[in-house]
Amino acid sequence: MPQSLAKIYVHIIFSTKNRAQFLADEEFRNHAHAYLAGIFNANDSPALVVGGVADHVHALCLLSKTEKLADLIGMVKRSSSKWLKTQDGNLGEFAWQNGYGAFSVSYSSVTRVRNYILNQETHHAKVSFQDEFRKFLKRHAVEYDERYVWD
């Protein structure tokens, strides 16, 4: 086959360092999500949606055929962190957590995952980030050591 064809949807989740509430202001958070989407798009991994709450981000994107997932997420986190620190004097200490979660999404689940990301405010009125993340790990049968998940 002469062409390389792929359509891989990925749900990516990462938190601010120590779950600090750096993105508490809704207007600013929306601006930050748009910036994050721009980084995904510029790296040939179009964002279908980016959302979240004050302490973490969810992104649903199409993974590039040529970019490694870890490299993409590293670029997104580095670029956005640098940019965020320039947006407000209170963000000089801004940092993302070291790790991330990335979960495959079937085409038939894209709409459900997109809606889930868009409804983060409602969801997190009842569930903490850490409990949510543990559920993702369990649902996707990801083995982990609790000591190394949080920073």
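The values are calculated or read from the model by the stated rules, or taken from the named source; none is laboratory data. Nothing here was measured: the structure is a model prediction, and the numbers come from that model. Note that each Cβ is placed from the backbone with ideal geometry, even for glycine, and that neighbours are counted across all protein chains shown.
In the set Glu121, Glu132, only one residue is buried (at least 16 other Cβ atoms within 10 Å of the Cβ) and either in a helix (DSSP H, G or I) or without any contact (Cβ under 8 Å) to a residue 40 or more places away in the chain (or both); that residue is Glu132. Out of region 1-57, which residues are in contact with a Phe, Trp or Tyr (Cβ under 9 Å, 6 or more places away or on another chain), over 19 Å from Arg112 (Cα atoms) and exposed (fewer than 13 other Cβ atoms within 10 Å of the Cβ)? The one that is in contact with a Phe, Trp or Tyr (Cβ under 9 Å, 6 or more places away or on another chain), over 19 Å from Arg112 (Cα atoms) and exposed (fewer than 13 other Cβ atoms within 10 Å of the Cβ): Asn18.
Out of Arg114, Arg134, Arg139, one residue alone is among the basic types (Lys, Arg) and within 27 Å of Asp25 (Cβ to Cβ). It is Arg114. Of everything in region 98-108, what is under 17 Å from Leu137 (Cα atoms) and either modelled with pLDDT of 95 or more or part of a helix (DSSP H, G or I) (or both)? Give them in sequence order. Result: Tyr100, Gly101, Ala102, Phe103, Ser104, Val105, Ser106.
Pairing residues of region 57-73 that are in contact (Cβ under 8 Å) with a residue 40 or more places away in the chain and closer than 13 Å to Gly38 by Cα with residues that are of a type in the set (Phe, Trp, Tyr) and surrounded by 21 or more Cβ atoms within 10 Å (Cβ to Cβ), at Cβ distances under 7 Å and at least 6 apart in sequence or on separate chains, gives Ala59/Phe40; Cys61/Phe40.
Are any residues in region 134-151 of a type outside the set (Asp, Glu), in contact with a Gly (Cβ under 9 Å, 6 or more places away or on another chain) and either modelled with pLDDT under 90 or farther than 21 Å from Ser106 by Cα (or both), and if so, which ones? Full working, then the answer.
Of region 134-151, the ones of a type outside the set (Asp, Glu) are 134-142, 144, 147-150.
The next check asks that each one be in contact with a Gly (Cβ under 9 Å, 6 or more places away or on another chain); those that pass are 136-137, 140, 142, 148-150.
Hits for region 134-151 are Tyr148, Val149, Trp150.
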